[in-house]
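Comments concern the structure below.
The values are calculated or read from the model by the stated rules, or taken from the named source; none is laboratory data. Bear in mind the structure is a predicted one, so any value in this text is a computation, not a measurement. As a convention, Cβ positions derive from the backbone with ideal geometry for all residues, glycine included, and neighbour counts pool all protein chains shown. Only protein heavy atoms, including side chains, enter the accessible area calculation; ligands, DNA and RNA are left aside. Shrake-Rupley method; radii C 1.70, N 1.55, O 1.52, S 1.80 Å.
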Number of protein chains: 2
Amino acid sequence: MNNELDTLLKFLRFPSVSTDPSRKDDVRNCGQWLCDLLQEGGMQAQLVETSTEGHPAVIAKGPQKENRPTVLIYGHYDVQPEDPLDLWESPPFEPTVKNDVIYARGATDNKGQLMAHALGALSLLEKEGDLPVNLTFLFEGEEEIGSPNLEPLLKSHREELDCDIIAVSDTGMVAPGVGTFTYGLRGIACLEFSITGPSGDLHSGIWGGSVANPASALASLIASLHDENGKVAIDGFYEGVSELEDWERAAWKKLPSDEAESLAITGASELVGESEYSDLERRWARPTAEVNGMGSGYQGEGSKTIIPSTATAKLSFRLVPGQDPQKILELSEAHLKKHLPAGVSMQITPGHCGSAYLTDPQNPAGMAAQRALQKTFPQSKNIALIREGGSIPIIQSFKDVLGVDTLLLGLALPDCEIHAPNENFPVANFQAGIELHRNLLEELSSLT
Amino acid sequence: MNNELDTLLKFLRFPSVSTDPSRKDDVRNCGQWLCDLLQEGGMQAQLVETSTEGHPAVIAKGPQKENRPTVLIYGHYDVQPEDPLDLWESPPFEPTVKNDVIYARGATDNKGQLMAHALGALSLLEKEGDLPVNLTFLFEGEEEIGSPNLEPLLKSHREELDCDIIAVSDTGMVAPGVGTFTYGLRGIACLEFSITGPSGDLHSGIWGGSVANPASALASLIASLHDENGKVAIDGFYEGVSELEDWERAAWKKLPSDEAESLAITGASELVGESEYSDLERRWARPTAEVNGMGSGYQGEGSKTIIPSTATAKLSFRLVPGQDPQKILELSEAHLKKHLPAGVSMQITPGHCGSAYLTDPQNPAGMAAQRALQKTFPQSKNIALIREGGSIPIIQSFKDVLGVDTLLLGLALPDCEIHAPNENFPVANFQAGIELHRNLLEELSSLT
């Protein structure tokens, strides 16, 4: 285990923040390191370019034989930005192990889970000289910026990536030790908008009263996104939204997760949202509109009495089956334009998009995945069948381009602080992940 | 003139930003330099400490004789922060003279106008060996942070600052060459508030739908500050507000200032605000609520799909005669608390305050000031009698502590970009200011 943990810690030291142009080389170095690891472990690995501005992907293949299924494992080696840096208790890119928990940006999302798959395969290869299936790894460096080049890559490497089933570990477990199979994900649509009023910051005494304030205009637009019941107030937003099945509502009620746990993890004083849905239902099966960031005017120490010239906000919508991300962006733009106050202008920049995903957990591949989970987590009475609120837009691309379903077997715990300061991954989950990978390949080898 | 201009440029090189703790020494060095200049010019000057954390003031006196009036000239040598730095066409603290206009932070507000008074006095002293009145300069270093220590200073130096009339050049001219007497100012009340939701930033996919978003909460509070007609929607906000006199509305209509000019100066696409008042009426005699700055979540490049943990905003209210700043802060706090959405907490930090000011332009001192303006600007048919939208809270302190009125004889033009990037002051206004000071002392010498 020490060797395996050391390998993960090396992987975590790369600040592979894909959204930050100044980290472009770090992302590439991280991909190259991963490629070398797989090559040295006995796989055929290559670093595959995406676009001139983009980050490369890693494609690696194990021994190929006829008459056995081909399994593609997807992961991503890029990570979210680390800020706000001052809230980290240890440096985000100097992984620290404390009480058997690994703290680092990417520890869970997704380097820890990716590396569990990689080392599961390499350990089998070392021991057996072969794997139970034809294995392909596809590890990309652009997931956190919406995988802009993955679909073209799938298309240009269509034959090389041909497979019978895909597995991804980028989701969660409902509780420690409870094997969890995720059969649905929310989609996403992002946009940024900026408001411009006066051509420069103005003295709020000299001009206040006659000139529209871009910060106020931005605030009124953000406030217009929700009605008083917490519903998204964009015309047509809920059109076509699929309602939950009865079995799902019933199954989720039995999960070892309650509102007290949500409050403890988030530190929120109370849970809010659509009152006719439970906490899990709201987060896994209902669409949302969130402000991810906004800024205007003077944010330094003390006061500066100005009317700011500009104001900007970043929005993201989480979507559910039945919603089309492009359509949601169009409706959002129309909403913002309709509610734009007088005296200011607006520029809207659409961001990345991805559809929601939903599959049947009881098909043969789903049943194989559930058996592998049961073997890895023998102490869990039932495998938890859940959806998740996050988005892995490329799952839909896999379905569209490669024509296959994806099994989501996550290893993240609710308090792993994904995308937040002090992201962490228990060593036990890393170990279980290595074993899960071996069990999964074995169970999938019987698929016809 | 070259010597005088050089002196001003030296003064402008000090980055005396009073709100920035890292510039504490720069503020002090600027005050000491000013003190030395006055002392070397033949006045009795001293640097006067305010508080341990505060910035010192400069008090200087000319020759004192019996049976002539004492005139106190007030100014401030501290300046607003220079950001956004990237919008400056020349460095804010490396003054640049282009087409006979001086570009620098503080060029107009207030170093240029202060220095016109100082050099007016020093030139008279050099030439005559005396001044027409007993002159006292009071130049402070804390005006841009609300003069927190000035009232205590006035009290502790009550005798030294005893005077018959006060004059201040920290206001505007309605147009180049038009002598302008300002008989009213708006007051101010500032506050900052911050919203806290989850204890850290959360993944917007995992938690979106169940956890209140502090950025949305902040936006809804800001949006709640105004109604759909642009009026401030805080209960009781307009209680006691003094309405404009008929003569004021009539006089202001005749001023060489129109809405087209306001649009040209501000770069706004249209003027907004209370429709039953004109542009000038809204800016000079109506109260406002403005957002000076706000921030939440991820404001860097690219996207980061989080629910931010916190959001903050800086507000300032411009007030008119009849409004009590402390009362306005109380009403605002009550409003914010009443409209706070569920699931978040709020912390409110009151900021600096100052009452509005209004005096009678036709009293003897006012008439003397108008004569001095007429002499300095012989080409202007009438002296413009105006109010202004900005705030000089200490004018009310002068009235309260020293018991005297203040004459506001401003030299700033509408496009001087006060508090904004590319602040500037025409060399002609600086020259006129030096002459105005000499004329003013002469006219005031006849006051009994």
Amide hydrogen neighbours beyond the local backbone of residue A:101, cut-off 5 Å, H modeled: A:427
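Where nothing but the Cβ of Lys and Arg (+1) and of Asp and Glu (-1) is charged, how large is the charge dipole of region A:266-409 around its Cα centre, in debye to the nearest 20?
Values: 14 positive and 14 negative charges, 40 e Å.
Using only the charged Cβ atoms, the result is roughly 200 debye.
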Probe 1.4 Å, all protein chains present, accessible-area order of A:423, A:228, largest first: A:228, A:423
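Leaving out ligands and nucleic acids, note down the accessible area per residue over chain B with a 1.4 angstrom probe, in whole Å².
Numbers: 16410 Å² over 448 residues.
Solvent-accessible surface per residue comes out at 37 Å².
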Between helix A:364-376 and chain A: long-axis angle, C-alpha atoms, 0 to 90°, nearest 10: 80 degrees
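Any idea what the relative contact order of region A:1-135 is, in percent, if you count C-alpha pairs under 8 Å spaced at least 6 apart?
On the way: 192 pairs, mean separation 38.2, N = 135.
Relative contact order here is 28 percent.
Heavy atoms only, probe 1.4 angstrom, no DNA, RNA or ligands counted: give me A:231, B:98, B:155 ranked by accessible area, highest first.
Numbers: A:231 50, B:98 100, B:155 125 Å².
Reading off the accessible areas and sorting them downward yields B:155, B:98, A:231.
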Nonlocal amide H pairs with residue B:298, under 5 Å, H built at 1.01 Å: A:293, A:294
Residue-wise HN-Hα coupling along region A:123-129, computed from phi with Karplus coefficients 6.51, -1.76, 1.60 (Hz; x: Gly, Pro): 5, 5, 4, 5, 6, 9, x
Under 20 Å from the Cα of residue A:338 - lysines, other chains or at least 8 residues apart: A:231, A:314, A:327
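Just the Kirkwood number for region B:230-317, please: inverse of mean 1/r across all distinct Cα pairs, in Å, one decimal. Intermediate values should be presented prior to the final figure.
Details: mean 1/r = 0.0605 Å⁻¹.
Across region B:230-317, the inverse of the average 1/r is 16.5 Å.
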Rg in Å to one decimal, and Dmax rounded to a whole Å, for the protein assembly as shown via C-alpha atoms: 33.6, 115
Debye, to nearest 20: dipole size of the protein assembly as shown, +1 on Lys, Arg Cβ, -1 on Asp, Glu Cβ: 300 debye
Accessible-area composition of region A:275-365, carbon plus sulfur, in percent [1.4 Å probe]: 50 percent
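So what is the calculated 222 nm ellipticity per residue for the protein assembly as shown, using -39500 (n - 2.57) for each DSSP H run with n of 4 or more, over all residues, to the nearest 500 deg cm²/dmol?
Details: 26 runs with 280 residues, N = 896.
For the protein assembly as shown, the value works out to -9500 deg cm²/dmol.
Over chain B, calculate the relative contact order: mean separation of alpha carbon pairs under 8 Å at least 6 apart, over the residue count, as a percent. Each step should come with its number before you reach the end.
Values: 943 pairs, mean separation 118.6, N = 448.
Across chain B, relative contact order equals 26 percent.
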P(r) histogram, all alpha-carbon pairs of region A:101-175 included - 5 Å bins from 0, percent: 3, 11, 19, 22, 21, 15, 8, 2
In order through region B:399-409: 3J(HN,Hα) via Karplus (6.51 cos²θ - 1.76 cosθ + 1.60), integer Hz, x for Gly, Pro: 4, 5, 8, 8, x, 10, 7, 10, 9, 10, 10
Residue-by-residue Karplus 3J(HN,Hα) for region A:39-49, coefficients 6.51, -1.76, 1.60, Hz, glycine and proline x: 5, 5, x, x, 9, 8, 10, 9, 8, 10, 5
Around residue B:355: net Lys/Arg minus Asp/Glu count, Cβ-Cβ under 10 Å: 0
Global form of region A:147-216, assessed from the alpha-carbon gyration tensor, a/c cut-off 1.5: oblate
Accessible area of residue A:310 in the full protein assembly, 1.4 Å probe (Å², nearest 10): 70 Å²
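Under the rule a/c < 1.5 gives rounded, and otherwise a/b versus b/c splits prolate from oblate, where does region B:1-80 land using the Cα gyration tensor?
On the way: a/c = 2.39, a/b = 1.41, b/c = 1.70.
It is oblate, given that a/c is not under 1.5 and a/b is not larger than b/c.
Give me the number: length gained by fully extending residue A:158 to residue A:342, i.e. 0.36 nm times residue separation minus the C-alpha to C-alpha distance, one decimal in nm.
Details: separation 184, 0.36 × 184 = 66.24 nm, distance 5.09 nm.
Stretched out fully, the residue A:158 to residue A:342 stretch lengthens by 61.2 nm.
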Calculated over chain A: convex hull of Cα atoms, volume per residue (Å³): 155 Å³
Förster-model FRET efficiency, 41 Å R0, residue A:270 and residue A:3, C-beta, rounded to 0.05: 0.35
Residues of type aspartates and glutamates that residue B:65 reaches as a straight line, Cα spacing below 12 Å, ignoring anything fewer than 8 places off in the same chain: B:130
Of all DSSP beta bridges in chain B, antiparallel share, percent nearest 5: 70 percent
Residue B:419 accessible area, assembled protein chains, probe 1.4 Å, Å²: 10 Å²
Helix A:2-12 vs. chain A, principal-axis angle (Cα, 0 to 90°, nearest 10): 30 degrees
Cα centroid separation - region A:155-220 against region A:103-138, whole Å: 29 Å
Area buried, chain B against chain A - accessible surface, total, 1.4 angstrom probe, square angstrom: 6700 Å²
Degrees separating the helix A:325-339 axis from the principal Cα axis of chain A, which is the longest one: 10 degrees
Listed residue (B:229, B:96, B:138) projecting farthest to the positive dipole end of chain B, Cβ model: B:229
Cα shape, region A:297-433, gyration tensor, a/c 1.5 rule: oblate
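Let me have the relative contact order for region B:321-448, percent, based on Cα pairs under 8 Å that are six or more residues apart. It would help to have the intermediate numbers written out before the result.
Working: 85 pairs, mean separation 36.2, N = 128.
Reported as a whole number, the value is 28 percent.
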Cβ-based net charge around residue A:137, under 15 Å, with every Lys or Arg adding one and every Asp or Glu removing one: -4
Built amide H within the under 5 Å cut-off of residue B:48, gap 5+: B:57, B:58, B:59
